[in-house]
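To keep things clear, I will list the structure first and then write my remarks on it.
Every read-out reported here was derived from the displayed coordinates using simple, explicitly stated rules and does not represent laboratory data. Please read these numbers as outputs of a predicted model, since none were measured by experiment. Cβ sites come from the backbone with ideal geometry, for glycine too, and all protein chains shown count toward neighbours.
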Amino acid sequence: MMLTAASPLTDSSVDPALLKKLAGLELTTVGELLRYVPRRYLRRGHLSESERPEAGEWITVIGRIKKAQMIQMKRRYGQFLKIVVNDGRADYEASFFNARWIQKVLRPGTRVALAGTVKLFRDQIQLSHPDWMVLPEDDGIEVVGNAAMIGELAAEEAELEGKGSHGSTASPDDVANFSRDIIPMYPATKDVQTWEIWRAVRQVLADTVPAEDPLTEAQRAERGLITADEAISRIHLPDSLDDIEAARARLKFDEALAVQTELARRRLSAVSESARSCPHVPGGLEDRLLERLPFELTGGQRDVLAEIGEDLAGEHPMSRLLQGEVGSGKTLVSLLAMLRVVDNGHQCAILAPTEVLAAQHYRTVMTMLGDLARAGELGAADGATRVGLLTGSLGTAAKRQTLLDAVTGEAGIVIGTHALLEEHVEFFDLGMVVVDEQHRFGVEQRDVLRSKGRDETRPHFLVMTATPIPRTVAMITFGDLETSVMTELPRGRQPIATSVVPMRNQKWVDRVWARANEEIDAGRQVYVVCTKIGDEQTNVKKSKKAAKDQEPDDDTVSVLDLAEQLEAGPLAGRRIGILHGRLPADEKNDVMDGFTRGDVDVLVATTVIEVGVDVPNATMMAIVNAERFGVSQLHQLRGRVGRGRHAGLCLLMTTASDVGPSMERLRAVEASNDGFELARVDLAQRREGDILGSLQSGGKSSLSFLSLLDDTEVIADARDLAEQIVLDDPDLVAHQPLADLVHSILLPSRAEYLDKS
């Protein structure tokens, strides 16, 4: 039976038992299996009688186990398995840790293939923790004396028992294919081995009919790409490294094209919707606020305002991402844009992820506007509007007043948290939505607010983020939004000095608190940030970027414990406040108000102060256990200081060792104040699949080849081509192969995560 990409694997000749294993990997169709691509490859090469591997080389040895024994480790508790394999010419020693189950399989007399890095000890060839495969006895293939050199890529990562080596049992057909020059290695599990996956792929490839290519011959020729069918064949059955590179280039472009096609369709759909046109109103609230500002806007602020103004004047909803360095003045830009909408008789809403941030926005807006925000009150300016605050913990009377002001149109601006999304919250005429730190909201939550427009119109939509996003990431994760970037800091903004402080050196720790006292004596204030609250909290929130090499949880310092220690020790007599997520909302507000007024000298807090908090008199921040945060988060946190007349200081207190990924992150933050450069460091140190997975449903990523760091040109080219195609054929009626490609790479449940606007 001939198969297509849509055919269920049950229609293939793959063994039913293997089909069940593949289903466990969510591989149930031909297309899903063929897009389950090798993680890396083994590259063969014959070693002659006189050749001998050198230390550091990757080799594969085929032979028989002569000896296997468990050995007690000398320096720590536990045992490891040591085997000796002979290939007909030499003995090879191999060691395995966490080998409780491996010793049951790797017994004397068993024929195996081992792949690993060569170490030479007293002229003995050793392979530490190699990959392995058990070979059958009746394959009829002469393998004694054969060895294979592995190519540029590392051997299959250990995936069994956490740190155990990867192993499998091969069939005669598998061993026959093992004689190929290049052998694919697939992501495998204990239940289904790489050789079994390859076997299924070979069977399916042999029975699959050629498919129509999503790219025309001219489009392929322009980019030097092979056909889609050739790419699939070569990625699984390469004859050379050139085959692999050609296949990767084509499959990488396909992934970029699929994503950009979906985003282009969403952009086109947004253009077909209607919005309130909001041109500049001379002498309105926008102009009056500009006249009152005691400073000039930066060039970046003026440029972004011009871009937003052009969007607002149109009859289609604006969809724009506003990126800005910490302290670049995004809040002022968004406020001026909202005032333009209010000047045109419509309302605006600001959606913030936390009550602390919502309250901060409210205070900032009220301070900036003054009597321009006090409509209906004694002393209000002519033509003033109202600003409302709506959070879950707001008192009944205050909440009722805000709801009334929103539904009657009295409030020109309403600032709130998730409470804004509740069904009973209605606006008289919502013309613009501003979402702060959008990544903290789900697709459905944002859509609720966007649906509150009047007369079937969509409100204009502005996303603000202080989290720097590399251009390639923005093209993928926010590809349906136009992007504005502000990197210029307002005049007078003070630099932030950053230093790493080893917590194991008590003298350095003492110096941190001494410096805090110096800042307080000078009339300034200090933040101290901890990773956890304390007391009954057991689940410490950890940055994914820092998870691999963290110290045990007992080494982390909590807000409650540290505040008590500081109060009784180095900061005795100082006014210390505590802020964390478990506090009731009114207590949070009281603490923040006190810190803002200067009634609190030291604020010991969790990351609730990460974004939006603006206290110009705060000049120092000590981040305890800084190794537990990622690069971008550390950059966000330190942006809370140096916002006034005095320079800022950020001290990264850490228990991390001097060498390792954690210290690399901290040194990067210490060395640079450029958020976009640090975002690249952040991206380079984490698995790109984590970011790609954020576009999708939380399941496995279907993007295997696209690099967000390295493929800027590919993504931009795919975006241009996608826009051309979608402009002529929005529903892809005449481009069915492309529609199929989009569906195969971005399943419907995952594609919705691209819907950022």
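Could you run the Karplus curve 6.51 cos²θ - 1.76 cosθ + 1.60 with θ = phi - 60° over segment 625-638 and give me ³J(HN,Hα) per residue in whole Hz, x for Gly and Pro?
Here the 3J(HN,Hα) series is 6, 4, 5, 8, 10, x, 4, 5, 5, 4, 5, 4, 4, 5 Hz.
Would you pull out the residues with amide H under 5 Å of L321's amide H, same chain only if 5 or more places away, H placed 1.01 Å from N?
Excluding prolines and chain starts, which carry no amide H, the hits are V463, E482, T483, S484.
Over the residues of segment 171-294, compute the C-alpha Rg and express it relative to 2.2 N^0.38 Å.
Compactness ratio reported: 1.89.
Can you work out D for segment 285-486 in µm² s⁻¹ from Stokes-Einstein, where Rh is the Kirkwood radius over C-alpha pairs, the temperature is 4 °C and the viscosity is 1.567 mPa s?
The estimated diffusion coefficient comes to 76 µm²/s.
Can you work out the FRET efficiency for the pair D510 and S672, with r the C-beta to C-beta distance and R0 = 30 Å, to the nearest 0.05?
0.60
Lys and Arg at +1, Asp and Glu at -1: add these up for the other residues within a Cβ distance under 12 Å of V281 and post the number.
Neighbour charge sum, excluding V281 itself: -1.
With a 10 Å Cβ neighbour count serving as the proxy for reagent exposure, in which order, fewest first, do E291, E670 appear?
Least crowded to most crowded, the residues run E291, E670.
Using a 10 Å cut-off on Cβ atoms, rank the peptides 338-346, 126-134, 369-377 from the highest mean neighbour count down.
Most protected by this proxy first, the peptides run 338-346, 126-134, 369-377.
Sorted by packing (mean other beta-carbon atoms within 10 Å per residue), highest first, where do 227-237, 11-21 land?
My ranking of the peptides, most packed first, is 227-237, 11-21.
Near the amide H of V529, under 5 Å away, which other amide H atoms are found, from residues 5 or more places off or on another chain, if H is placed in the peptide plane?
Hits under the 5 Å cutoff: A605, A622, I623, V624.
Give the peptides 557-563, 304-310, 23-29 in descending order of average Cβ contacts within 10 Å, highest first.
Highest-to-lowest ranking by the protection proxy: 557-563, 304-310, 23-29.
Ranking M592, M1 by Cβ neighbours within 10 Å, fewest first, what do you get?
Starting with the residue having the fewest Cβ neighbours, the order is M1, M592.
Take the Cα coordinates of segment 496-672, assign each an equal point scatterer, and use the Debye formula without solvent to give log10 I(q)/I(0) at q = 0.12, 0.15 Å⁻¹.
Reported log10 I(q)/I(0), two decimals: -0.50, -0.80.
Based on the Cβ-Cβ distance from D731 to R39, what FRET efficiency comes out when R0 is 45 Å, to the nearest 0.05?
In this case the efficiency is close to 0.80.
Compute the length gained on full extension between V271 and A716: take 0.36 nm times their separation in residues and subtract their Cα-Cα distance, giving the result in nm to one decimal.
158.1 nm
Once you have the Kirkwood Rh of segment 570-639 from its Cα pairs, apply Stokes-Einstein at 4 °C and 1.567 mPa s and quote D in µm²/s.
After rounding, the answer is 100 µm²/s.
Using the basic label-point model (7 angstrom from Cα toward the beta carbon), what is the L18 to R292 distance in nanometres?
About 7.4 nm separates the two model spin labels.
Work out from phi, with θ = phi - 60° and the Karplus expression 6.51 cos²θ - 1.76 cosθ + 1.60, the ³J(HN,Hα) of each residue of segment 402-412, listed in order in whole Hz, and give x for Gly and Pro.
Per-residue couplings from phi come out as 5, 4, 5, 5, 6, 6, 8, x, 5, 8, x Hz.
Once phi is turned into θ = phi - 60°, what whole-Hz ³J(HN,Hα) does the Karplus curve with 6.51, -1.76 and 1.60 give for every residue of segment 520-526, x standing for Gly and Pro?
5, 4, 7, x, 10, 10, 9
Pull out the extension gain between T364 and Q72, defined as 0.36 nm times the separation in residues minus the alpha carbon to alpha carbon distance; nm, one decimal.
98.7 nm
Among the listed pairs K74/K104; K20/K252; K399/K452; K452/K532, which have their C-alpha atoms separated by more than 26 angstrom in this model?
From K74/K104; K20/K252; K399/K452; K452/K532, over 26 Å: K20/K252; K452/K532.
Give me, ordered by chain and number, the residues 5 or more places off C650 or on other chains with an amide H under 5 Å from its own placed amide H.
Correct list: A497, T498, S499, M621.
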